[in-house]
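The structure under discussion appears below in the form of structure tokens.
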Amino acid sequence: MDLSVDSDALSVACHPSATPNPLGLPTACFDTDLRSAITNEVLVETPALHELFLIITALTPEGRADNTRFVVQGSDYANIVQQHFGDYASHEAVDAVQALLNKGTPHHIAAKVDASAYRMREDGIFEKRSEYTWIRGSQDHLESLVPSLQNFADDTDFSAFFRSRTSQQLYADQRRFFEEEAKIQRMLDWLNGQYPDTRPFESVRLIVSPLAFAYQHQDGVVDGNFRQLIAHINYPELQETTGALSPSANAFYRSSILFTELNHGFIEPRSSALLDRIEAVFEGGERFVDRSILSTSYGSGRRVFLEYLNWALISVYACERFGDADCQIIATRVSRTMSEERGFADFVAFQDWLLSIRKQNPEAKLQTLTPAMVDWFEQRKN
């Protein structure tokens, strides 16, 4: 998503029917007081309607399937959700969310993302937040479902569940991890330094949930010259493979999925100028990927290139921020994930090359190295 365009001259009314702004992003309405409160801040939130949407997803046939990628299964919280809400699996709201899943993953994702444009009042009623029209695409993908979601919330006493001490403590623990251990602002500062021509976001809003699983998303909204990055990610559970890492490197590695979402706002604008070369070198994508493993969502050359770079930057950041031992562990794990599990066939060689270049030229900005990255692939195409 290219958020680097100068939007100082933009002025669009905060209304869903407004003409799309030149950035192609949903329009927002951040008044003076709100802008002041959130400028240069990373907001970590678990919005009530977003959580309810995931709870209902967990009750659908798709959400209960053993191989589901939409919600976490088997955690203490997931089990509590099933105990509290399981008797309502035949509710109309569950059928409505399953219907979205039947239409395709993008429809479910869009509705989930737009759920974070709503708030729950003290009386348990959901309403649109005044600063948002919607968050994803060109329309509110959730609005038509809100009445049935509200009925589900009323029938199940969702408000009490969401506001209970147990739930709020878990949500607070997840926020604390991102705010105090993952060091989101440090990641952003590094990316801003590496891509100085990409205008920094005025605000970052991070949406997390104990139920969110495999699908991560990066979106954005704009109000005149004010832009907010909105990232939806899963909470990273502690993994056995991170045990040998130092505490700071461990926290970063656990939150690296967030890092890959933040990266997009920086690496995508830079790649736009090289799009013709990128599409040519990755024509069909066959040379540099294993199509028997690779997700079908990586159908264009640009998407393949960006994912190579996106994940390689995890190791670049780790090797420049932490010690040699941490660097080696993280780089090895990232390489294994990308090459063996995700189908990016030349990832190990690309990452090794990029780490070497950075070590030889530590002052060189990644922004200026992007053409050389395309060169690297061009030289290996045949």
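The values are calculated or read from the model by the stated rules, or taken from the named source; none is laboratory data. Keep in mind it's a predicted model, so treat the numbers as computed, not measured. Positions of Cβ are generated from backbone atoms using ideal geometry, with glycine treated the same way; all protein chains shown enter the neighbour counts.
Can you tell me which residue is farthest from the chain's Cα centre (by Cα) among those in the stretch 218-234 that are under 13 Å from Asn263 (Cα atoms) and touching a residue at least 40 places away in the same chain (Cβ under 8 Å)? Spell out how you get there, then give the answer.
Taking the stretch 218-234 first, the residues under 13 Å from Asn263 (Cα atoms) are 218-219, 229-231.
Still in the list and also touching a residue at least 40 places away in the same chain (Cβ under 8 Å): 218-219, 229-230.
Working: Gln218: 4, Asp219: 8, Leu229: 10, Ile230: 8 Å.
Only one residue tops the list, namely Leu229.
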Quiz item: Which residue pairs have Cβ atoms closer than 6 Å, lie 6 or more positions apart in sequence or on different chains, and pair a first residue in the stretch 109-131 that is on the phi > 0 side of the Ramachandran plot with a second residue that is hydroxyl-bearing (Ser, Thr, Tyr) and in a helix (DSSP H, G or I)?
Solution: Gly124/Ser159
Quiz item: Restricting to helices (runs of 4 or more DSSP H) lying wholly in the stretch 79-160: which have 3 or more residues that are assigned by TED's automatic domain parsing to the domain that holds Val222, touching a Lys or Arg at 6+ places or on another chain (Cβ under 9 Å) and surrounded by 13 or more Cβ atoms within 10 Å (Cβ to Cβ)?
Solution: 105-115
Self-check item: Residue, farthest from Ile257 (Cα to Cα), within the stretch 162-197, restricted to residues that are small (Gly, Ala, Ser) and at pLDDT 90 or above
Solution: Ser164
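Going by what's in this entry, would Leu245 be described as assigned by TED's automatic domain parsing to the domain that holds Tyr308 and assigned to a loop (DSSP other than H, G, I, E, B)?
Values: assigned by TED's automatic domain parsing to the domain that holds Tyr308: yes; assigned to a loop (DSSP other than H, G, I, E, B): yes.
Against the criterion (assigned by TED's automatic domain parsing to the domain that holds Tyr308 and assigned to a loop (DSSP other than H, G, I, E, B)), Leu245 qualifies.
Taking the stated definitions as given, is Val44 at pLDDT below 95, part of a helix (DSSP H, G or I), within 18 Å of the chain's Cα centre (by Cα) and among the β-branched types (Val, Ile, Thr)? Break it down stepwise before answering.
Working: at pLDDT below 95: yes; part of a helix (DSSP H, G or I): no; within 18 Å of the chain's Cα centre (by Cα): yes; among the β-branched types (Val, Ile, Thr): yes.
Criteria not met by Val44.
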Quiz item: Any residue in the stretch 320-340 that is farther than 18 Å from Phe259 by Cβ, touching a helix residue (DSSP H, G or I) at 6+ places or on another chain (Cβ under 9 Å) and surrounded by 18 or more Cβ atoms within 10 Å (Cβ to Cβ)?
Solution: yes
